[in-house]
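**Student:** There's a structure below that I have some questions on.
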Amino acid sequence: MRKFVLYLFALLAVFGTLNVAYLLILPLVDWDMSKSIKVSNFDNKNFEILVMGNSTALDGINTELISSEIGSAYNFSLSGANLNTSYTQLDRYLEKNHKPKKILLFLSSCHTNYKNDSGLHPVEDYAYNGFSFSKGLGDLPLFKFRWLFLENFKKLISKDHRSARLVQGQLRINRVVQDNSSYSKTVNNCIDSGMYLHDRYPYLDSIIYLSVKNKIDLDILEMPCWKERQNDCPDLELTYEGNEIAIYNLNNELRCKDVLNPNTDWLSADHLNQSGGNKLTKEVIDLISQY
């Protein structure tokens with residue numbers, strides 16, 4: 001019995017050590033973790049433009065280019081981020097930093113319903129709230145961040161991932177995957193601007209409220225995908241308490257055809273490589289500079 005208890009304690013000690021080691025190593029090797037911790041520690045920053053969204057904007061929007069053309073910018077986008085995560089980032093940023101002049105909020109065009117994905121991103125939860133044990137074993141690093149092990153394993157076997165780098169919050173990857181799909185006009189039904197305040201977009205109204213309350217210009221932009229997921233929907237305008245908010249459809253088939261090269265600019269079906277990100281960012285700069 002005594003040997004069994006000692007063996008059990010030894011196993012628990014090893015398991016605990018592995019969790020602590022994993023938590024210490026992640027910020028050193030993982031883009032999302034290191035960036036989230038950095039962003040959570042921002043204090044007295046004075047960025048003029050905040051870029052927010054998920055992984056499509058993480059690698060698709062060049063904030064260095066925006067800074068050189070319009071004003072100082074930082075890309076807050078996070079892989080797997082939902083609208084709750086973007087709202088939390090904005091709310092916490094405004095508590096300790098100067099308010100920006102503009103927020104560019106990027107949505108995934110291939111995910112038009114965020115209703116079932118409203119929990120705070122685990123990485124963001126840790127960056128802002130630290131380690132907790134409120135969910136029991138589910139809060140242990142090896143369980144809470146289990147998917148990051150696979151993501152970082154890719155860096156060991158992929159030269160493109162190993163050479164990727166973060167620049168002003170943007171993840172730059174040079175890998176090229178050609179878009180050989182075909183455009184289908186019936187791929188997506190267009191929606192009116194009122195749907196963006198529907199419960200299918202939880203926390204979007206909170207982001208809009210924070211922007212209006214702090215007198216920050218907000219633009220919403222739908223990110224592009226491969227041709228098979230593009231549409232012919234127009235840009236929209238949303239009115240919220242007398243404030244007009246532009247909604248740009250970067251996934252419009254004609255716009256994508258003019259801006260992006262299907263043979264050189266893609267990383268996957270809904271992610272741009274560095275070349276595509278540069279081109280799309282120039283299009284975004286042209287759009288928001290019109291007003």
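**Student:** How many residues does region 263-277 contain that are buried (at least 16 other Cβ atoms within 10 Å of the Cβ) and either over 17 Å from the mean Cα position of the chain (by Cα) or not polar (S, T, N, Q) (or both)?
**Tutor:** Of the residues in that region, 9 qualify.
**Student:** Can you tell me which residues in region 208-240 are surrounded by 19 or more Cβ atoms within 10 Å (Cβ to Cβ), out of contact with any strand residue (DSSP E or B) (no Cβ under 6 Å at 6 or more places or on another chain) and closer than 16 Å to residue 105 by Cβ?
**Tutor:** 224
**Student:** From the list 120, 90, pick out the single residue that is within 27 Å of residue 216 (Cβ to Cβ), touching a Phe, Trp or Tyr at 6+ places or on another chain (Cβ under 9 Å), at pLDDT 75 or above and assigned to a helix (DSSP H, G or I).
**Tutor:** Going through 120, 90 in turn, just one is within 27 Å of residue 216 (Cβ to Cβ), touching a Phe, Trp or Tyr at 6+ places or on another chain (Cβ under 9 Å), at pLDDT 75 or above and assigned to a helix (DSSP H, G or I): 90.
**Student:** While we're on this one: All but one of (1) within 16 Å of residue 164 (Cβ to Cβ); (2) at pLDDT below 95; (3) buried (at least 23 other Cβ atoms within 10 Å of the Cβ) hold for residue 62; state the number of the condition that does not hold.
**Tutor:** (2)
The values are calculated or read from the model by the stated rules, or taken from the named source; none is laboratory data. Source: prediction; values computed, not measured. Here the Cβ is made from the backbone with ideal geometry for all residues, glycine too, and neighbour counts use every protein chain on show.
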